[in-house]
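Structure first, then comments.
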Amino acid sequence: MALASSINGVDLINVRQHGRQFCPIHPLVNFRNLKIRRFERVIRAESQMTNPRPIVVKPEIDFNDPDWKKKFLEDFDKRFNLPHLRDVLDIQPRPTTFSLKTRGTLEVGNGAAREDWNGFVSDDDRALLKVIKFASPTSAGAESIDPDCSWVEQWVHRAGPRKQIYYEPREVKAAIVTCGGLCPGLNDVIRQIVLTLEKYGVKNIVGIPYGFRGFSDEGLSEVPLSRQVVQNINLTGGSFLGVSRGGPSTSDIVDNIQAKRIDMLFVLGGDGTHAGALAIHNECRLRKLKVSIVCVAKTIDNDILLMDKTFGFDTAVEEAQRAINSAYIEARSAYHGIGLVKLMGRSSGFIAMHASLSSGQIDICLIPEAPFKLEGPNGVLVHLEYLLKTKGNAVICVAEGAGQEYLKKSNTTDASGNVVLSDIGVHVQQQIKRHFKDVGIPADVKYIDPTYMIRACRANASDAILCTVLGQNAVHGAFAGFSGITTGICNTHFVYFPVTEVIASTRYVDPNSRMWHRCLTSTGQPDFE
């Protein structure tokens, strides 16, 4: 029986309970090629991380079965079906109060939208999850399901306002909470959620201060929100509501939701926050509460599955240009100058890769997914010697999670349970200085760490637009009766995903992808393995 990869590009492997080991290659599948080697590199990189993410292995598929595609699609549709309040409650919808042609208040005509407005999304609308048909498993970045790279249509739910809603807006109390670390665009999303809720007719909107902590700390009170309160919060960075990691137990949070009579909870955060939101959603379902839990994916690392990008990422890449340009100027202005920039990216190197591509000034880009050697004839340090001899200077960009195998493990975690990483930037800086001292070549190394600068700034225009749409769609999803979902952009279309699917594992840079190949072409760096 040949094994099928997941739709997320997790390749053909078998993971044993107490470790990772490749399964024997099935005779039907000649996968001793770039696709297997690519994933072997990802596995090695992951095993070197101090906080590895789980690898999700989907059920095996027998490709000899003529109905395998039908069974695959049935499983896909089941997994991507959006959880709804109707699943556990006997509730009926009412006509929506959302219409851009509505001029009256809720008291006029029961707030019903005008029938002649054609701006609603059908519940049956779908968007394609994958749009490329790969001709061969050896194609760069190929994410094939079967050995023949069959085209299988995988459809996900389109986001947007529905004609039918499952709440009376005048009776709704909605709450917003921002969790984890800061990210450009948080205030933009908060603002749009509030504005859209008011468009539906919701009057009771509150913010939960400082993440999930705000549900338990007696010293933290709800923050009343309205158009007047949030009108200009998008002009600054950070979170108007504050952020924090960790928090009370799921049961305590749901107890608090009941006590506060919250009907909708909008959760802004990364994969850890999404996992917490899913637990809250499940507890609400167990208690048969009419509460919609809707997430908006927030991470500048861009490491959330299935989505084109997450808000804050574009701004982070743009802000990183300042640090890279400073490093370039320092390197160019010094005799044998070397500029070293460390960027965020615990387990995924998207910021480092995109910042390197966009700057055009990077000679070496190091990310967690592409293992590298510092020493030896094929190592980074020897290549630096070559760059100094041929160019006279060099600029290096390294993601914070890269090269952790060279560092002493900290064995400590933050409040979210993430292992605290050792500083690869300082280590590389010290190794460069030591190496060039040993070989007798002068080198002037300048190290720049803009970590918190790139996440505390205001969202740029691209992210501001993305945040606007995500905030609006989060409200549309809640009023449509969905819960345990997140909203994002997929192949340029805005969609809803079940939270269970986006937290299945972390999204990584594919070392065999065209984007990573483009980065290598731009930097001109060799293989450092």
(request) Return the long-range amide H neighbours of Cys295 (sequence gap of 5 or more, or a different chain), with a cut-off of under 5 Å between placed amide H atoms. (result) Val267, Ile485, Thr486, Thr487
(request) Have a look at segment 211-350 and give its Rg and Dmax from the Cα atoms, expressed in angstrom. (result) 19.9, 69
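Considering Cα pairs under 8 angstrom that are at least six residues apart, work out the relative contact order of segment 313-457 and quote it in whole percent.
34
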(request) Would you kindly give the portion of the calculated P(r) for segment 313-457 that falls above 28 Å, as a percent of all Cα pairs? (result) 15
(request) For Tyr210, Tyr335, give the ranking by accessible area with the largest first, probe 1.4 Å. (result) Tyr335, Tyr210
(message) With a 1.4 Å probe and all protein chains kept in place, how much accessible area does Asp444 have, in Å² rounded to the nearest 10?
(response) 60
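Going down the table (Lys163/Lys298; Lys199/Lys309; Lys309/Lys433; Lys203/Lys288; Lys298/Lys437), which pairs top 32 Å between alpha carbons?
On the way: Lys163/Lys298 28 Å; Lys199/Lys309 27 Å; Lys309/Lys433 37 Å; Lys203/Lys288 25 Å; Lys298/Lys437 43 Å.
Violating the 32 Å limit, Cα to Cα: Lys309/Lys433; Lys298/Lys437.
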(message) Which lysines, if any, have their Cα less than 26 Å from the Cα of Lys69, not counting same-chain residues under 8 positions apart?
(response) Lys35, Lys58, Lys78, Lys130, Lys133
(request) Can you sort His84, His427 by 1.4 Å-probe accessible area, starting with the largest? (result) His427, His84
(request) Take every Cα-Cα distance within segment 378-529, group them into 10 Å bins from 0 onward, and report for each bin the whole-number percent of pairs it holds. (result) 8, 23, 30, 23, 12, 4, 1
(message) Which residue, Gly440, Val428, Ala323, has the largest displacement toward the positive end of the dipole of segment 313-457 when charges sit on each Cβ (Lys, Arg +1; Asp, Glu -1)?
(response) Gly440
(request) Based solely on C-alpha atoms, express the radius of gyration and the Dmax of segment 290-368 in angstrom. (result) 15.8, 67
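As an exercise, identify the GluC sites (Glu not before Pro) in segment 194-267 lying in DSSP coil whose Cβ has no more than 10 other Cβ atoms within 10 Å. Display every interim value, and only then the final one.
On the way: sites: Glu198, Glu218, Glu222; in loops: Glu218, Glu222.
Passing both the DSSP loop test and the Cβ count: Glu218.
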(message) Could you put Asp148, Asp75, Asp510 in order of accessible surface area, largest first, with the 1.4 Å probe and the full protein assembly present?
(response) Asp148, Asp75, Asp510
(message) What is the distance in Å between the Cα centroid of segment 480-502 and that of segment 224-303?
(response) 15
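The values are calculated or read from the model by the stated rules, or taken from the named source; none is laboratory data. Keep in mind that what you see is a predicted model, and the values were worked out from it rather than measured. Counting neighbours? That spans all protein chains shown, and the Cβs are built from the backbone with ideal geometry, glycine included. These area figures cover heavy atoms from the full protein model, side chains too; ligands, DNA and RNA do not enter into them. Shrake-Rupley method; radii C 1.70, N 1.55, O 1.52, S 1.80 Å.
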